[in-house]
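Q: Take a look at this one; I'll ask things after.
The values are calculated or read from the model by the stated rules, or taken from the named source; none is laboratory data. The structure displayed is predicted, hence computed values, not measured ones. Ideal geometry is used to build each Cβ from the backbone, glycine not excepted, and the neighbour counts take in all protein chains shown. Surface areas here come from the heavy atoms of the whole protein model, side chains and all, with no ligands, DNA or RNA. Shrake-Rupley method; radii C 1.70, N 1.55, O 1.52, S 1.80 Å.
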Amino acid sequence: MSTHELYTTGPGEGVWQVPATGAARFSWEYADGRERLLALYQKGKDKQWDGAKRIDWELEVDPYDPLGTPDEALTLHGTRHWAKLTEKDKGELRRHYTAWNFSQFLHGEQGAMVCAARIVESVPDLDAKFYSATQTMDEARHAEIFGRFLHEKVGMLYPVNDSLRGLLGDTLRDSRWDMPYLGMQVLIEGLALAAFGMIRDTTDKPLPKQILAYVMQDEARHVAFGRMALRDYYKQLTDAELREREEFVIEGCHLMRDRLQGVEVLENFGVSKKEAREFSEQSEFLHLFRRLLFSRIVPCVKDIGLWGERLQKAYLEMGVFEMGDSNLDLLMRQDEEMAEALDRERFATEERERVAEVEAAIADGHRPG
Ligand SMILES: [Fe+2]
Ligand SMILES: [Fe+2]
């Protein structure tokens, strides 16, 4: 079935064209790679996996409650609209929210793939090109998986959110080669990672849990790449150049915080944009969510050396300043371990089932006939 039949509202043009700027760069130095980056490239190759095989697509998903979302997490909960909703309406609401969320993940993954490919093209060093080529493949697999989940299990998609699209466009239109890293690897991926993590750690539904745990295992490498590349590069920039990057980060953070709230969903339920924004502002759940969304970005930005006064002030105002001290390496390690633990658990269960089947067959065979 064509995706266009599953969109809640038409996504506009069939193909979104962002004019490319900047140079494609070739390097003739093939033997002088940085060890850490080449190790990451090796890991990127070793850890490829196939979503068609690793994920158990047989698992059933209730399209009216794909994630097991509690009432309190729905923005309309506690508003004057809530009492009017029937159980069926609430199911529709859950379906729309999941469709909205995972659609933004899907469009974001396509964006990540395009940005990773842009980095292959524009970054001057061959070691970074090699690494980014593996990331391009990772992001293709992620887009494939989120797309499959939405088409097969939810049956509904939302178009890309305006702010996400704006940030993607700004990131891609910029001719400076570090901007796809900063916009994509640090901001958009940082936000996505935090959102993935919150769902992974709270959902009791096995299919979305598998998807998110496995995707996050890859994302840990992507963030490591962005940090390595930018930390080295930003040491060489002038103060003025660093301030420009900080402005970009501040603006991007504000945009994502204020606009990535699923207002489009409530509009589809007859709530005005203005009221939907107010509900999102007031929702206690979204308050927590918005703060946690920055748990991956703030320590990363600090780590790559964008920690000027203006940025610190902006983060203080947003109430996320102290997240700068959280241990990003530890978080990433945990992401990888969680995926590995999930594999062990699943394969242990399969093994137990297999043994039980064999034992039952043997018992049957021994039964006097
Ligand atoms: Fe991804
Ligand atoms: Fe990624």
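Q: Which of the pairs Lys129/Lys235; Lys153/Lys209; Lys43/Lys129; Lys45/Lys235 have their Cα atoms more than 18 Å apart in this structure? Before the final figure, lay out each step's value.
A: Working: Lys129/Lys235 20 Å; Lys153/Lys209 14 Å; Lys43/Lys129 15 Å; Lys45/Lys235 29 Å.
Violating the 18 Å Cα-Cα cut-off are Lys129/Lys235; Lys45/Lys235.
Q: Run through every distinct alpha carbon pair of region 1-136 and return the Kirkwood hydrodynamic radius in angstroms, one decimal place. If you can, show how the numbers build up before the last one.
A: On the way: mean 1/r = 0.0519 Å⁻¹.
That comes to 19.3 Å for region 1-136.
Q: Note the per residue figure in Å³ for the convex hull of the C-alpha positions in region 298-346. Before the final figure, lay out each step's value.
A: Working: hull volume 3.5 nm³, N = 49.
Here the figure is 72 Å³ per residue.
Q: Here's something else I'd like to know. Please give the length that would be gained between Thr202 and Ser272 if that part of the chain were fully extended, namely 0.36 nm times their separation in residues minus their C-alpha to C-alpha distance (nm, one decimal). Please list the in-between numbers first.
A: Details: separation 70, 0.36 × 70 = 25.20 nm, distance 2.96 nm.
Here the segment from Thr202 to Ser272 would lengthen by 22.2 nm.
Q: Can I ask one more? Under Stokes-Einstein, with the Kirkwood radius over Cα pairs standing in for Rh, what whole-number D in µm²/s applies to region 233-369 at 4 °C and 1.567 mPa s?
A: Numbers: Rh = 19.5 Å.
Translational D for this selection: 67 µm²/s.
Q: Still on this structure: Do you know the relative contact order of region 37-172, to the nearest whole percent, from alpha carbon pairs under 8 angstrom that are 6+ apart? Before the final figure, lay out the partial values.
A: Working: 115 pairs, mean separation 46.7, N = 136.
So the answer I get is 34 percent.
Q: What is the local net charge at Gly166, summed over the other residues whose Cβ is closer than 15 Å to its Cβ (Lys, Arg +1; Asp, Glu -1)? Can you show the working numbers first?
A: On the way: positive: Arg165, Arg173, Arg257, Arg259; negative: Asp162, Asp170, Asp174, Glu251, Asp258, Glu264.
Summing Lys/Arg as +1 and Asp/Glu as -1 gives -2.
Q: Largest first and in whole Å, what are the equivalent-ellipsoid semi-axes of the chain based on the Cα gyration tensor, each being the root of 5 times an eigenvalue?
A: Whole-Å semi-axes of the equivalent ellipsoid: 35, 29, 19.
Q: Moving to a separate point now. In percent, what relative contact order does the chain have, based on Cα pairs under 8 Å that are 6 or more apart in sequence? If you can, show how the numbers build up before the last one.
A: Working: 391 pairs, mean separation 77.0, N = 369.
Relative contact order, the chain: 21 percent.
Q: On to the next question. Less than 12 Å Cβ to Cβ from Val358, Lys/Arg counted +1 and Asp/Glu -1: what total charge do the surrounding residues give? Provide the component values of the computation, followed by the final result.
A: Working: positive: Arg352, Arg354; negative: Glu351, Glu353, Glu357, Glu359, Asp364.
My count for the surroundings of Val358 gives -3.
Q: To continue, here is another question. Considering only protein heavy atoms and a probe of 1.4 Å, how much of the accessible area of the chain is carbon and sulfur, as a whole percent? Could the numbers behind the result be given before it?
A: Working: 9530 of 18020 Å².
C and S atoms contribute 53 percent here.
Q: At a threshold of 8 angstrom on Cα-Cα distance, excluding pairs fewer than six apart, so keeping six or more, what relative contact order does region 103-174 reach in percent? List each step's numbers first, then the result.
A: Values: 56 pairs, mean separation 30.4, N = 72.
Worked out over region 103-174, it gives 42 percent.
Q: Sticking with this structure for a sec: With the cut-off at 17 Å, report for region 68-158 the share of all Cα pairs above it, as a whole percent.
A: Numbers: 2454 of 4095 pairs.
Tail fraction, whole percent: 60.
Q: Cβ under 15 Å from Lys302's Cβ, Lys302 left aside: what net charge do those residues give with Lys, Arg +1 and Asp, Glu -1?
A: +1
Q: So what does log10 I(q)/I(0) come out to for region 239-290 at q = 0.15, 0.17, 0.24, 0.27 Å⁻¹, using the Debye formula with one equal point on every Cα and no solvent?
A: Result of the Debye calculation: -0.52, -0.60, -0.87, -0.99.
Q: Looking at the P(r) of region 6-47, how many percent of alpha-carbon pairs lie beyond 16 Å?
A: Numbers: 591 of 861 pairs.
That fraction is 69 percent.
Q: How large is the charge dipole for region 200-255, taken about the Cα centre, if only the Cβ atoms of Lys, Arg (+1) and Asp, Glu (-1) carry charge, to the nearest 20 debye? Please report the intermediate quantities before stating the final value.
A: Working: 9 positive and 11 negative charges, 71 e Å.
The calculated dipole for region 200-255 is roughly 340 debye.
Q: Over region 210-311, what portion of Cα pair distances is larger than 19 Å, expressed as a whole percent?
A: Working: 3007 of 5151 pairs.
Percent of Cα pairs beyond 19 Å in region 210-311: 58.
Q: Let me ask something additional. Report, in debye and to the nearest 20, how large the dipole of the chain comes out about its Cα centre when Lys and Arg carry +1 and Asp and Glu carry -1 on their Cβ.
A: Working: 48 positive and 66 negative charges, 92 e Å.
In debye, rounded to 20, the chain gives about 440.
Q: In Å², what does the accessible area per residue of the chain work out to with a 1.4 Å probe?
A: Details: 18020 Å² over 369 residues.
Normalised by residue count, the accessible surface of the chain is 49 Å².
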